[in-house]
Number of protein chains: 4
Amino acid sequence: MKQGTLDLETSNSRLETFVEGKLFRNFITTLIIVNAIILGILTYDRMMPPGLVGSMSWFDQAVTIIFCVEILLKLFVYRLNFFRSGWNWFDFLVVGVSLIPGGAAFSVLRALRVLRVLRLLHIVPMMRRITEALLNALPGMGAILAVLALLTYVGAVMATNLFGDTDNPEVLQLFGDLPSSAYSLFQVMTMDGWRFEVVQKVVDDGNPYAPFFFLIFIFIASFAVLNLFIALIVDALAAEQRAATEEHLDEIEEEMDEEFDLADKERDEILILLRDLKQELAELRASKANDAP
Amino acid sequence: MKQGTLDLETSNSRLETFVEGKLFRNFITTLIIVNAIILGILTYDRMMPPGLVGSMSWFDQAVTIIFCVEILLKLFVYRLNFFRSGWNWFDFLVVGVSLIPGGAAFSVLRALRVLRVLRLLHIVPMMRRITEALLNALPGMGAILAVLALLTYVGAVMATNLFGDTDNPEVLQLFGDLPSSAYSLFQVMTMDGWRFEVVQKVVDDGNPYAPFFFLIFIFIASFAVLNLFIALIVDALAAEQRAATEEHLDEIEEEMDEEFDLADKERDEILILLRDLKQELAELRASKANDAP
Amino acid sequence: MKQGTLDLETSNSRLETFVEGKLFRNFITTLIIVNAIILGILTYDRMMPPGLVGSMSWFDQAVTIIFCVEILLKLFVYRLNFFRSGWNWFDFLVVGVSLIPGGAAFSVLRALRVLRVLRLLHIVPMMRRITEALLNALPGMGAILAVLALLTYVGAVMATNLFGDTDNPEVLQLFGDLPSSAYSLFQVMTMDGWRFEVVQKVVDDGNPYAPFFFLIFIFIASFAVLNLFIALIVDALAAEQRAATEEHLDEIEEEMDEEFDLADKERDEILILLRDLKQELAELRASKANDAP
Amino acid sequence: MKQGTLDLETSNSRLETFVEGKLFRNFITTLIIVNAIILGILTYDRMMPPGLVGSMSWFDQAVTIIFCVEILLKLFVYRLNFFRSGWNWFDFLVVGVSLIPGGAAFSVLRALRVLRVLRLLHIVPMMRRITEALLNALPGMGAILAVLALLTYVGAVMATNLFGDTDNPEVLQLFGDLPSSAYSLFQVMTMDGWRFEVVQKVVDDGNPYAPFFFLIFIFIASFAVLNLFIALIVDALAAEQRAATEEHLDEIEEEMDEEFDLADKERDEILILLRDLKQELAELRASKANDAP
């Protein structure tokens, strides 16, 4: 029994070496890239001979199965620790979505199946560094995003109350209900067609003072976005900066410490010598005093 | 009488503890959030049963009254000091506006009532930090905003003189009077549809050289906005930076001071010993001189 | 004769004190602001009673004359040195343009007269600081602006050759000649309506590969603009930064110098004492040697 | 034979001095600028007398030949080392393209001939500095651009699957095949007409949930672009910064080293003196001991 556990453990650690190995990762990476290309080619399925579409779909199915096996292997190796990693969850979900049998919503499922290509974002080391840097920047944005969301919500409720009570279909499309208003305010925030596609239609619907509402919203929102942006730059730079300066300062500090230590030792030696001298001189005088009488 | 004042003071400080306490703040925060959700749901009032609308409006009235009581409590606690805080003014105004009896302008008043949700911006500590950071950035923008406003004013007067004297309704809408011109120049500044929605209409109205006017305006305004932006970044970073470097430098300085102090003390000790030695030697010679004869 | 020159010099320096004085500057500042407001009100001349328009125009004329007198005074005080200052040239030109008698091009001249309001940019100290900061940032942009201009010129020649040889009036308006092409490329650079207002029209005119041309242009130009922007931020920050760090480092350096000087002096004192001791000891031995025989 | 090689080497190094000399470079620079102007004027060929067009085209041919000679000279001087420089490749290609005999695709070839004006980017030293700074910034962008390209590819495959299966020609133009989808997603990324030119058309085609797809894409892509931008700023600044601070720190370090060296030497001198003293005192005592008995 114990022997069996040991065997299992050994095979487990061997499996881990294999699953985390370069060979396996390169194989999966290649598979994802080929799969990405095939999913791209499959968007032309209406122009291709059915046989080709069939064999490509077959390959896609095979890739799905290989990815399932990969996840099962990792589940076997890491057990419940597997779910401690956000990236494992990501893999689990994008592969899992491919297993749902497609019916009427075939195009939606096929579209979601493409998401598995995003696995490259954490499998290719170069991209992983970028992706994790982006994800690390997120928490720092939390508070400002909350402020922006609150501003948009309040703005959307106000805009719906002020402009949504109308029969004009164009204005109803823009500010007829809460989500539409939030969406239109987001459009205004992106500065895309804000005047003639949004504000002017509201003005023409009998709200001559609407531009004031939108100008105030643009100013406040742009200012908040600007500061979100600045906060991100400052954070990134301050960290970088601190590292750069401190490195050199630490070097100087170390060198200074060494020099001070040396000086300290030598001064101690000087003091010892001086005290020696003093004592010898004292003895000299004492012996002289002895001589004198 | 004195006893009464004391009682009042005691009850006052107790009230302050209550009003500024965590419990009361959480209660108010919850109330604002629930109120925000209800004001959002109320934008769908035309699709809801009248009873539900009625009870929600009743809740909204109740919240207004609770907010009034909150402000009265704070007024009682802080007296006129209440108005020293900008945030208290903000609360006072957004709650006060809810008390105005709504008549014809019902939708405008209901819209303004939503502003009370913005109280979250200073009640939730996380948001308060952001909001105050934004407000602190404002004064630094003052001078550049004044320059931008001056440029826009001068540009608007020029545009009204140059392009506004026309019968073309589209151009009149854009540059017919001073506020329209300023608004259109702001549109040009946001780069939204500047060519075909603004400049081309002016050109088609018989101003073939209009693009020069607008290109110069775009260049100058973009450049000023860009510098406004840079000034904000530099300010934010310089402060952050200074703090980061100085902290380490202060540390080094302190350590250096300690070492220099130690060296100084030991050198002083050396000097004292040497002067001792010198004196003893002098005495030795003197005693010898005494011996000699 | 000499007396006369002296009187002139005295009156000249008195005049300088007056012209550069706070009182005179405030007077001119007030005049410009009032003038700015009146030029703004005059844009509504068609809706105002002719008498009011007349008296306002009269005031405007009076302001022009006062500005002329101001410039003549400064010319009298500074002689040809007057033209050494860019701001004086600016004043000279914007006031000079008001003196041109208006005929057919009345609106253009009235529009240019508004430029004198921009004198505030260098008369109000707060604005002057901003304006000069902006002007100082210009030289640093020179090289990148030259690169951008070259890219736009080359792009415009290419676009005119590739797309301008057509009968389609919409495409002719966009890329019919060199200035139009440069203007359209600038529009593409601002990302405003680049796809459906510009690129699609060229594609529909029989240039299916036009998007490649414009995408390459967008990438290169955005990248150059981005770097222009970054260069400005880096310059501004580096200067600020250097100042901040060096200030503290200089302080530390000074303190270190003091400490090192002190240590140096004390060590010198120690050495002198030691040499003294050595000599005394030598003398002691010598006297002893003398005693001995 | 050896003599011949020597002669060749001498003429070679003389030629190198000539080809890299200021005179030759200024000649080529002038030629490019004149050529640029002429290529600009030639865009008006339909309005010019045929003789003028002919002589200008003749000049353009002459410039092409001079550039060929220039490249042949450099090839002769540097042999295969010529192709080690990216700029030489650039020159080689933009001059080579002018030699292709123009037939039906005349306008395309004439357009490509303008590219030789871009040689100024590396011949004028001021521009060369900017261009090389831009090129040096490219590798740092590599990883983020790869992430953006992956996101766009995945987004394009998804959009083609989700929205491309339609008969609506407007939506087919936007998302009918993979390149169109990528192009439309790029348009959405530039925020140009994203709502009514793109998203609304997809919604009207029967995809009511399309805004979610595009909003998610806008958020992720903007965030990635933003971080690309921040990374570039941080890199540029950190380098600049490091240089600025280190320069001063190095100075301080050097000065500190000098002072520490001085102190070290003086302490050594002190120690030597003390040991001398000690020995003399020992000798003094010894001689005394000899005296005593």
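The values are calculated or read from the model by the stated rules, or taken from the named source; none is laboratory data. Everything numeric in this text was worked out from a predicted model, so none of it was measured. Note: ideal-geometry Cβ built from the backbone for every residue, glycine included; neighbour counts use all protein chains shown. Surface areas here come from the heavy atoms of the whole protein model, side chains and all, with no ligands, DNA or RNA. Shrake-Rupley method; radii C 1.70, N 1.55, O 1.52, S 1.80 Å.
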Handout entry: Residues in the range B:41-59 that, when all protein chains are in place, have 20 Å² or more less accessible area than the chain alone would give (probe 1.4 Å)
Key = B:Thr43, B:Tyr44, B:Arg46
Handout entry: A:Cys68 accessible area, 1.4 Å probe, all protein chains in place, Å² to nearest 10
Key = 30
Handout entry: Cα gyration tensor of the range D:162-241 - equivalent ellipsoid semi-axes, whole Å, descending
Key = 33, 12, 9
Completion exercise
D:Thr166 and C:Ser55 label points (each 7 Å along its Cα→Cβ direction) are spaced in nm at 6.4
Problem - Loss of accessible area when B meets A, both sides summed, Å² nearest 100, probe 1.4 Å - result: 6300
Practice task
Along Cα-to-Cβ, 7 Å out, sits the label point; list in nm, shortest first, how far the one on A:Arg14 is from those in the other copies.
Solution key: 7.7, 7.8, 11.0
Exercise for the section: Please arrange B:Leu93, B:Leu162, A:Leu135 by accessible surface area, largest first, computed with a 1.4 Å probe and ligands excluded. Expected result: B:Leu93, A:Leu135, B:Leu162
Practice task
Over the Cα atoms of the range A:14-123, compute the convex hull volume and normalise it per residue, giving Å³.
Solution key: 103
Exercise for the section: Could you size up the charge dipole of the range D:14-123 around its Cα centre, putting +1 on the beta carbon of Lys and Arg and -1 on that of Asp and Glu, and report it in debye to the nearest 20? Expected result: 180
Problem - Sequence of B:Ile66, A:Ile32 from largest to smallest accessible area, 1.4 Å probe - result: B:Ile66, A:Ile32
Exercise for the section: Give me the Debye-computed log₁₀ of I(q)/I(0) at q = 0.08, 0.13, 0.15 Å⁻¹ for chain C, equal point scatterers on Cα only, no solvent, two decimals. Expected result: -0.71, -1.11, -1.16
Handout entry: 1.4 Å probe, heavy atoms, protein only - residues of the range A:182-206 losing at least 20 Å² accessible area vs chain alone
Key = A:Tyr183, A:Phe186, A:Gln187, A:Thr190, A:Met191, A:Asp192, A:Gly193, A:Trp194, A:Arg195, A:Phe196, A:Glu197, A:Gln200
Problem - Per-residue SASA entry for D:Ile123, accessible area with 1.4 Å probe, Å² rounded to 10 - result: 20
Problem - Nearest-10 value in Å² for the accessible area of D:Tyr78, using the 1.4 Å probe - result: 50
Practice task
Leaving ligands, DNA and RNA out of it, report the carbon-plus-sulfur percent of the accessible area of the protein assembly as shown at a 1.4 Å probe.
Solution key: 65
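Tell me, rounded to the nearest percent, the portion of alpha carbon pairs in the range C:125-293 spaced more than 23 Å apart.
When all Cα pairs of the range C:125-293 are counted, 66 percent exceed 23 Å.
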Exercise for the section: Starting from a label point 7 Å past Cα on the Cβ side, list the distances from B:Asp167 to the same position in the other copies, nm, shortest first. Expected result: 3.4, 3.4, 4.8
Practice task
Find the eigenvalues of the gyration tensor of the Cα atoms of the range B:103-204, then list the square roots of 5 times those eigenvalues as equivalent ellipsoid semi-axes, largest first, in whole angstrom.
Solution key: 36, 21, 12
Exercise for the section: Starting from the alpha-carbon convex hull of the protein assembly as shown, give the projected area averaged over all orientations, in nm². Expected result: 92.9
Handout entry: Ascending list, in nanometres, of distances separating the D:Gln200 label from those of the other copies (7 Å, Cα toward Cβ)
Key = 1.2, 1.2, 1.7
Exercise for the section: Kindly write out, for the range B:226-237 in residue order, the coupling ³J(HN,Hα) from the Karplus curve 6.51 cos²θ - 1.76 cosθ + 1.60 (θ = phi - 60°), rounded to whole Hz, with x marking Gly and Pro. Expected result: 4, 6, 4, 4, 4, 4, 5, 4, 4, 4, 4, 5
Problem - Per residue accessible area of chain B, 1.4 Å probe, in Å² - result: 50
